[in-house]
Amino acid sequence: MKTMLRWEIDAIGRDRLALKEAAIPSPGDHDILVKVKAVALNYRDKMVIESGRGLPISFPFTPGSDLAGEVVALGPNVSRFTPGDRVISTFMPDWIDGLRPGDARTPAYRTLGGYYPGVLAEYVAMSEDWFVRAPATLNDVEAATLPCAGVTAWFALMERAGVRSGDTVLIPSTGGVALFGLQIAKANGAEVIVSGALENGQRARALGADHYIDKTREDWVEAVYAATGDRGADHILEVIGGSHLARSVQVAAVGGHICQIGALDGFDVSAPAMPLMLKDVTIHGIGTGSRRALTRLVRAVDRTGIKPVIDTRYPFADLSAALDHLDRGPFGKVVIELP
């Protein structure tokens with residue numbers, strides 16, 4: 001029996017995380033067997049390991065959702081891929097196109113490395129429908145960052161808010177989704193304002209930020225007004241959440257769009273009603289994007305030359321150190337690299 005290594009937890013908690021030997025899986029009828037080359041980490045992965053996030057996890061459980069790899073074997077009824085194809089995973093495998101699955105009572109949250117087992121393994125065998133072809137212009141480490149952070153920024157700005165050339169986009173962070181948002185907005189002709197730690201200003205400007213605001217400034221709202229001549233931002237990637245939504249409403253332009261994505265400041269958001277109404281502001285709830293959106297992002301990456309920002313690469317055995325790095329607030333993505 002051929003074996004591989006994969007990360008598992010047998011109960012909730014970082015102390016339950018272990019690198020274990022397991023059999024290399026065999027692909028089912030519609031499955032592909034993928035040799036994993038890189039796994040990009042999201043802060044959510046750390047939360048699933050440490051708290052479970054209330055998800056129906058069956059143990060032993062492998063975390064992680066975002067992989068890039070190579071197809072090495074096919075199930076008998078696979079039609080979308082051939083051996084040797086480079087692929088990336090989809091974060092929400094059941095969301096192919098159109099409206100997100102779920103209903104009013106139960107919104108869907110069936111993700112890899114959450115509801116479904118994850119990808120922090122040397123090999124995975126999963127449905128061919130759960131993958132798309134990787135961008136030709138990106139290496140495996142770069143390509144692994146697209147399935148969650150990349151497609152979330154793309155889906156928010158391009159497929160919901162509808163960013164156009166000449167618009168102003170405000171991004172109050174320098175994390176993974178934020179930096180994708182910066183690059184996507186610039187590639188589509190927008191003016192971009194970024195807010196973050198003072199030490200990240202030069203790097204954000206090098207990526208194309210037109211204005212950079214120190215997030216510790218007490219007059220943050222006034223700084224946005226000044227940068228836009230009081231017009232405000234047409235589009236805001238609200239990756240912080242909580243009470244920070246109120247500040248986004250304040251600085252939104254008349255007819256502006258706020259893409260509510262993150263919950264770093266809490267899951268209960270709040271905002272003043274009067275400017276929200278008087279400025280005709282639209283708030284979009286964003287929970288990643290569909291497989292079709294990921295396919296469109298891949299095409300855009302290949303055509304525009306967007307390069308994901310990688311903060312640090314860690315070897316497969318150093319997952320714990322990589323998770324610690326997420327707590328320190330990386331500039332861009334933290335990626336696990338497999339041999």
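Computed quantities for the displayed model
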quantity: Test for Gly242: is it in the same structural domain as Val169 (by TED's automatic domain parsing), closer than 30 Å to Pro147 by Cα, crowded, with 18+ Cβ neighbours inside 10 Å and among the small types (Gly, Ala, Ser); calculated: no
quantity: Matching entry among Leu170, Leu157 (being in a helix (DSSP H, G or I), under 19 Å from the mean Cα position of the chain (by Cα) and farther than 21 Å from Ile32 by Cβ); calculated: Leu157
quantity: Segment 38-58: number of residues that are surrounded by fewer than 22 Cβ atoms within 10 Å (Cβ to Cβ) and not hydroxyl-bearing (Ser, Thr, Tyr); calculated: 10
quantity: Residue in segment 241-275 that is nearest to Ala190 (Cα to Cα), counting only those that are part of a loop (DSSP other than H, G, I, E, B), of a type in the set (Gly, Ala, Ser) and without any contact (Cβ under 8 Å) to a residue 40 or more places away in the chain; calculated: Gly241
quantity: Any strands (runs of 3 or more DSSP E) falling wholly within segment 29-135 and containing at least 3 residues that are at pLDDT 95 or above and out of contact with any helix residue (DSSP H, G or I) (no Cβ under 7 Å at 6 or more places or on another chain); calculated: 31-41, 66-74, 123-127
quantity: Test result for Leu99, surrounded by 16 or more Cβ atoms within 10 Å (Cβ to Cβ), of a type in the set (A, V, I, L, M) and either outside the structural domain of Ala178 (by TED's automatic domain parsing) or under 26 Å from Leu323 (Cα atoms) (or both); calculated: no
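Here is a yes/no grid of residues against (1) in contact (Cβ under 8 Å) with a residue 12 or more places away in the chain; (2) in a strand (DSSP E or B); (3) surrounded by fewer than 16 Cβ atoms within 10 Å (Cβ to Cβ); (4) not polar (S, T, N, Q):
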{"position": "Met277", "(1), (2), (3), (4)": "no, no, yes, yes"}
{"position": "Gly289", "(1), (2), (3), (4)": "yes, no, no, yes"}
{"position": "Leu297", "(1), (2), (3), (4)": "yes, no, no, yes"}
{"position": "Ile306", "(1), (2), (3), (4)": "yes, no, no, yes"}
{"position": "Val334", "(1), (2), (3), (4)": "yes, yes, no, yes"}
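The values are calculated or read from the model by the stated rules, or taken from the named source; none is laboratory data. Note that this is a predicted model, so its numbers are computed, not measured. Positions of Cβ are generated from backbone atoms using ideal geometry, with glycine treated the same way; all protein chains shown enter the neighbour counts.
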